Structure formats: C-alpha cells, structure tokens
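These notes concern the structure reproduced below.
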Amino acid sequence: MKSLCLLLILALCVPCAEDARTMADRAIALLQAGKTTEAIELFEKALAANPQSADARFNLALAYFHNRQFGDSIRVLTVSKRLRAEDFALAGASYRAMGNFDTAATNMRRAVERQPGNFDFAYDLALTLIDAGKAAEAIRLLESVAARPQATAKVFSALGMASYMNGNLARAEHAYAKAIQMEPGAADLHASLGDVWYGSGHFQKAAAEYGAATRLDPANPGYHNKAGRNLLRLDQTISAAAEFENALGVDPHHADSLFNLGKLASGAGNAQQAVSLLERAVASDPNNAEAQYQLSLGYQRLGDLDKAADTMQRFRELKSKH
C-alpha cells in the first residue's frame with residue numbers, strides 16, 4: 001500500500017513539475033517581449049507549482065526587478081536559506097537600485113566569493129563600491145580581475161572609472177586605453193579616455209578621443225558638448241561652437257550646450273543672444289547654478305534689473321545648497 005501511495009505521489013508531482021516548466025518558459029517569453037506584468041503572474045504560478053525550485057524563485061525575483069519592484073525581488077530571493085551566486089547578485093542589484101549601497105555590496109561580495117571567475121559579478125560589485133564611496137576597494141578588486149587573461153573590456157573600463165574618481169589619472173588612462181584596444185568601436189570608452197586627458201590638461205589628446213566618440217556615436221549630444229568644451233581650451237572657438245550646435249541638432253534642450261553657447265555669445269558682446277540661450281539652458285536645467293549666474297549678468301547688461309536680481313537670488317539659493 002505504501003509503495004502504491006508513493007507511486008501516486010510521484011505521478012502527481014511529475015505533471016506539476018512539467019506544468020511549472022511550461023509556465024516558466026511562457027513567462028520568460030513574455031518577459032523578453034516586455035510584458036512584465038503578465039510574466040510575473042505566470043512566474044508566481046510556476047513557483048507555487050514547484051516551491052522548491054531555485055530557478056523558479058530566481059525568475060520571479062528577476063521579473064520583479066525588471067518591474068522595479070525591488071523589495072519584492074529581495075523578499076522572494078531571501079525566502080531561501082541556500083542562496084546561489086546569482087541570487088546574491090540579483091539581491092545586490094535590487095539593494096543598489098534602492099540606494100542601499102552597503103547592503104548591496106555585501107550581497108555582491110558573496111556572489112563574487114561563490115563565483116570568483118564571473119567578471120560580470122565583479123564588475124557590478126565594483127560599480128556598487130564606487131557608489132558607496134569605496135573607490136579604493138573597487139580598484140583593488142578590479143586590478144585583481146584585470147590581471148586574469150580572460151579579463152574583458154568592461155572590467156578595464158570600470159577600473160578606469162574607479163581610478164579616475166580616485167584621482168589616479170595615469171592608471172585611468174592605462175585602463176581605458178586597454179579597454180579601447182579590446183573594443184575600439186565603443187564610443188563611451190573613447191569619451192571616457194577623453195575625460196581623463198582633459199582632466200590632466202592634455203587637450204590635444206582629449207580632442208582625438210572626443211572626435212572618435214562623436215564619429216562613432218554622432219547622436220550623443222553629450223559627446224559633442226565635451227568635444228566643444230575641450231576645443232575651447234585649445235582656443236578653437238568656431239569649432240567649439242559648431243560642436244555645441246551639433247549637440248543641439250540632436251537635442252535642442254541640451255542644457256550644457258545651451259549654456260556654453262550662451263557664454264560664447266556673452267563673450268562676443270551679444271547680450272541679447274546670450275540671454276536667449278541662457279534662458280533656454282535654465283529652462284532645461286533650473287538647478288544649474290552657473291547658468292543662473294550668467295543669465296543674471298546678461299539681464300544686467302540688457303538693463304533688466306528686476307530679472308537680474310531675481311535670477312541672482314536663485315543662484316545664491318542653489319549655491320547655499322552645495
């Protein structure tokens with residue numbers, strides 16, 4: 001009788017497992033199609049049908065994460081007392097998205113400990129450490145990972161970022177250059193190396209990297225703005241203005257480019273044009289204190305003292321917050 005009962009239980013459980021797998025497959029397809037809410041409903045049913053499945057639990061937590069339900073993602077993951085590396089990594093990503101960088105780093109460290117060869121886990125941990133103000137620890141981690149033969153461009157990019165933020169421009173330059181060797185077509189890497197050269201005062205070298213970035217990704221207004229800002233340091237005002245205009249051609253509301261063009265107009269003695277550009281700049285970014293200050297000066301030059309006073313007051317308010 002006991003054997004018969006056992007066979008019956010097994011016969012009942014096998015269809016349940018098959019149903020759970022079918023629901024999970026359908027839910028994954030929905031998630032990939034961007035239908036997150038429908039995917040969550042199926043993942044919940046799949047987990048209910050097979051509550052011991054670590055994959056079912058992870059899939060549901062991942063769907064919650066994609067739906068920005070970070071607390072639910074963590075809740076589902078931490079029900080289990082035997083978390084895998086990927087579970088810790090996802091929990092860490094959820095905590096990071098919530099701004100809890102220390103707890104995120106703790107979870108991501110556990111993911112790296114369990115899979116030390118996983119470069120993605122190491123990369124995510126490094127970025128979280130940077131967010132937590134622990135750039136030195138991030139650098140130590142990334143240097144150890146970068147020393148491995150299989151290290152990716154992403155690892156060197158993160159090492160460049162951490163080094164740059166930590167003030168070590170030489171190490172940042174070397175790391176970004178290595179990343180570019182591995183992925184020469186990555187515009188963001190060229191722009192980042194341009195930032196390093198700009199920060200160290202090597203404006204000609206920065207121009208080459210910003211130029212590469214704008215060629216590779218001409219639809220990025222930020223790259224055009226950086227190129228223009230750097231050209232100003234090389235006293236190439238006309239070329240700089242052209243880059244700022246290129247940025248506005250992509251995004252007419254790009255605040256930094258509007259601000260830079262406004263400053264150029266002011267420097268050329270065209271107060272009316274300067275005010276027009278700076279008004280657009282502060283409309284796009286009201287918290288840009290320098291733009292508020294320059295706009296106040298512009299109003300003064302035009303004789304509009306009331307607006308000048310109001311804008312100067314706004315500038316002082318912004319400065320007092322920093």
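Summarised as an ellipsoid, region 253-322 has semi-axes of 17, 15, 9 Å, derived from the eigenvalues of the Cα gyration tensor scaled by 5 and square-rooted, with the largest first. Between 0 and 90 degrees, the angle of helix 2-32 with respect to the longest Cα principal axis of the chain falls at about 20 degrees.
Provide the FRET efficiency to the nearest 0.05 for the Met182-Leu305 pair, computing r from the beta carbons and using R0 = 45 Å. That gives a FRET efficiency of 0.20.
In this structure, the pairs whose alpha-carbon distance is over 27 Å, taken from Lys154/Lys226; Lys205/Lys263; Lys263/Lys307; Lys81/Lys154; Lys134/Lys154; Lys154/Lys321, are Lys81/Lys154; Lys154/Lys321.
From least to most packed, judged by other beta carbons within 10 angstrom and beginning with the fewest, Leu129, Leu234, Leu30 follow the order Leu234, Leu30, Leu129.
Note on the chain: percent of Cα-Cα distances in each 20 Å bin, starting at 0 and stopping at the bin with the largest distance, equals 24, 43, 26, 6, 1, 0.
What the Cβ-Cβ distance of Ala170 and Asp19 gives, at R0 = 41 Å and to the nearest 0.05, is a FRET efficiency of 0.10.
Quick one: putting +1 on the C-beta of Lys and Arg, -1 on the C-beta of Asp and Glu, what dipole do you get for the chain around its Cα centre, in Debye to the nearest 20? Walk me through the numbers on the way to the answer.
Numbers: 34 positive and 35 negative charges, 171 e Å.
For the chain, the charge dipole is close to 820 debye.
Basic side chains Lys and Arg get +1 at the Cβ, acidic Asp and Glu get -1 at the Cβ, and with that the dipole of region 253-322 about its Cα centre reaches some 120 debye. Sites listed here are trypsin sites (Lys or Arg not before Pro) in region 79-163 whose DSSP assignment is loop and whose Cβ has at most 12 other Cβ atoms within 10 Å: Lys81, Arg82.
If you stretched the chain out fully between Lys319 and Asp120, how much longer would it get, using 0.36 nm times the residue separation minus the C-alpha to C-alpha distance?
Numbers: separation 199, 0.36 × 199 = 71.64 nm, distance 3.91 nm.
The span from Lys319 to Asp120 would gain 67.7 nm if fully extended.
Below 8 Å, C-alpha to C-alpha, sequence gap of six or more: please give me the relative contact order for region 29-98 in percent.
24 percent
Scaled against the 2.2 N^0.38 Å expected of a compact globular protein of N residues, the Cα radius of gyration of region 96-231 reads 1.08.
Kirkwood radius, region 234-289, all distinct C-alpha pairs, inverse of mean reciprocal distance: 11.1 Å. Summing charges over neighbours of Tyr176, with a neighbour being any other residue whose Cβ is under 15 Å away from its Cβ, gives -1 when K and R count +1 and D and E count -1. Look at where the Cα atoms of region 125-183 and of region 76-93 average out, and the two centres are 26 Å apart.
Coordinate-derived values only; no laboratory data. Note that the structure is a prediction, hence the values are computed from the model and not measured. When we count neighbours, we look across all protein chains shown, and the Cβ atoms used for this are built from the backbone with ideal geometry, even at glycine.
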